[in-house]
Amino acid sequence: MLKACCNPTVRLFPLVVSTIRQFRPRTSTILQPVLTSRAYHHTPKVQMPATKGAVNGTKRKANGTSDSPSKKAKGEASAFKDSKLEEEYGIVDREYYPPEMTNERCKQYNANQIERPIETLNKAQKESKAERDRVQVKDAVVHWFKNDLRIMDNKALHLASEKSKSKGVPLVCLHIISPQDYKAHVTSAVRVDFALRTLQVLKEDLAELDIPLYVETVEKRKAIPDRILELCEKWGASHLYTNIEYEVDELRREALITRKGLEKGISIDAVPDTCVVAPGELSSGTGNQYAVYSPWFRAWITYLHTHPHQLDLFEPPGKNPPKTRETFKYLFDCPIPEAPENKKLTDEERKRFKSMWPPGEHEARERMNKFIRGRISDYKDKRNLPAANNTAVISVHFSSGTLSARTAIAAARDANSTKKLDGGNTGIACWISEIAWRDFYKHVLVHWPFTWYLPFPFTYPRHTNSSSMNKPFKPEYTNIAWEYDLALFEKWTTGTTGYPFIDAAMRQLNHTGYMHNRARMGVASFLSKDLLIDWRMGERYFMERLIDGDFASNNSGWGFSASTGVDPQPYFRIFNPILQGERFDPEGEYIRKWVPELEGVRGKAIHDPYGRGANPRGYPKMCVDHKDSRNRALERYKEGLGRETA
Ligand SMILES: Cc1cc2nc3c(=O)[nH]c(=O)nc-3n(C[C@H](O)[C@H](O)[C@H](O)COP(=O)(O)OP(=O)(O)OC[C@H]3O[C@@H](n4cnc5c(N)ncnc54)[C@H](O)[C@@H]3O)c2cc1C
């Protein structure tokens, strides 16, 4: 039924040395605004100790007063003032996001005194349920695709298909492209390119079922709900189904469209699908949300063992009535739009990413099956070795929804000798537990939404100050005085820090849009601790470059490494970037692959070329001294937290 239309040859890490040599990443949007602003010319207020390279930065003043009574009384103006540096350094986009939330308000979220966006949506769905159930099927049923770009095992698509079949009316599929959403959510150009190529595959597959996929660009994100309802009315659609996205903006948007839809007699169903266990299903014995992975994971496993049907897959949609081809001819004929101006790749980049990342769900399943048939058995032992290529490299498919996490876990379980998700083959059990992290981070951020980009103007005008961008999970960590040294930041982004393991990782990211997990942890620790640069600059840079960019995983991965997040590593645990290389890339294969200047360096010198007498040509010296930076980081964390322990 489904057409295999992708290039089966996966060339994930093509080492084209000449390309790497020529390749210079485009300037980060973090660097763009500041390069032209006076911030770039700040006289450094604080000297970076032991900095061997250029010093050109500033330091954020310790922000211990954001919930102080005087600040609270002054209200929003003071909140704006507090986040001036975040604005100047491009961390927060004031076009979309309001001032930083006070620590006081974060505490109110924690004390359940403020309605969470998920509760707003649940309320809208629940309160409208009886009326929505009374809506009669008219001429069509719509499925709205978002980050669920697949036909197989797609809950909302399945429900939409069932509803349309119940009255023999056509199922119509819709996807909205929003350049403003891309900008506000810092969606990388490579991710947009992957989604557009995937939409082409999806359109062709759906057409084989006589189901049209209509893709439209809606310039203003605020206009999306009204435009969708307008299209439903035009198509005579009485019902729209969609899978819930757990980002704050999206939860509020779906709550709004649920209510607006009913005013027009259209039933909107937003259903949980992207997590294996829906956020809100798990709570501790005391009824609280888990903030630590291990007990959460035990609860997740128990839930799935006691609700095995959670891993049953949803049937793909059936064929539409043949007349759909005539009725909706113009929808079948409409092309997939090009990437919007703000997300265009160069020709060279488009070619490169196309050959590295074949799109679509066929590719996703093929990749998953190949991994489960082969490398999964070694996963536990080798997953931390970036050169071994022993992980599934499948995150792009989870984040674009070309593969559901449920499908992956069910497939891994079925390949095991036991139905227990935490038993049998250790590689399989370990892989399942890694996929669980994805669920965990979504659960956490749904419950503690102040770590998100908030809010979208669907429900609240900007000035209501209901939220922030990337508040640390632990509010007191706002008090750490970060550095904003652009010269060092640029060394980090371009992989020219002089630390081979860090540089290899950043060059892998810049060239492929992907980075191995162990390397992500290494570079995040290096930026936030060795360079003491505001971790949110790194978080943003990752979103600008990653093909698998996912708010929850990225935000939490950064929070873990910078020790500001949920269940983080303690702040005094600071990776030594040389030892990281020695431990996880002992032969230096990963480094040689991505840092051609070090190709000829032999033995242990690969991890510290100048310190071990290699003197490679064209490779920079270390930009900071790790020992000194480590001491400085420990001091700064202690100072910010006002205590010695994490
Ligand atoms: C600083 C930092 C930023 C990150 N940003 C992202 C991001 O934007 N998008 C993203 O998908 N992952 C992110 N991760 C998590 C992880 O690095 C990637 O999911 C993983 O490298 C993807 O490779 P893989 O598909 O081969 O993973 P595998 O090892 O094969 O694991 C299978 C799947 O499990 C999930 N997974 C594994 N590890 C993690 C983890 N630590 N956290 C959450 N999910 C995990 C992913 O969906 C992954 O595809 C980040 C981690 C860190 C430390």
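What follows draws every value from the coordinates through simple rules; no lab data is involved. Predicted, not measured: the structure shown is a model, and the values here were computed from it. Note: ideal-geometry Cβ built from the backbone for every residue, glycine included; neighbour counts use all protein chains shown.
Below are the figures for this structure:
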| quantity | calculated |
| --- | --- |
| Sorted by Cβ neighbour density within 10 Å, fewest at the top, the residues SER399, SER283 | SER283, SER399 |
| Qualifying aspartates and glutamates (Cα of each under 13 Å from Cα of LYS163; at least 8 residues distant if same chain) | ASP133, ASP139, ASP269 |
| Efficiency of FRET from Cβ geometry, GLU208 and SER355, R₀ 30 Å, rounded to 0.05 | 0.70 |
| Residues ARG630, ARG221, sorted so that the one with the fewest Cβ neighbours within 10 Å comes first | ARG630, ARG221 |
| Residue order, fewest to most surrounding Cβ atoms within 10 angstrom, among LYS442, LYS593 | LYS593, LYS442 |
| Stretch gain in nm, segment VAL271-PHE572, where the contour uses 0.36 nm per residue and the Cα spacing is subtracted | 104.2 nm |
| Listed pairs LYS126/LYS220; LYS138/LYS234; LYS183/LYS442; LYS126/LYS264; LYS129/LYS165; LYS155/LYS319 exceeding 23 Å between Cα atoms | LYS126/LYS220 |
| Cβ-Cβ FRET estimate between GLU131 and LEU313, R0 fixed at 35 Å, reported to 0.05 | 0.65 |
| Inter-label distance, nm, simple model (7 Å from Cα along the C-beta direction), ARG617/GLU589 | 2.8 |
| Charge dipole (debye, nearest 20) of the range 456-641; +1 at Cβ of Lys and Arg, -1 at Cβ of Asp and Glu | 140 |
| Gap separating the Cα centres of the range 484-537 and the range 121-140, nearest whole Å | 48 |
| Calculated FRET efficiency for the pair GLU233/GLU348, C-beta based, R₀ 41 Å, to 0.05 | 0.40 |
| Farthest positive-ward along the range 99-254 dipole, Cα basis, beta-carbon charges - from SER178, ALA111, ASN147 | ALA111 |
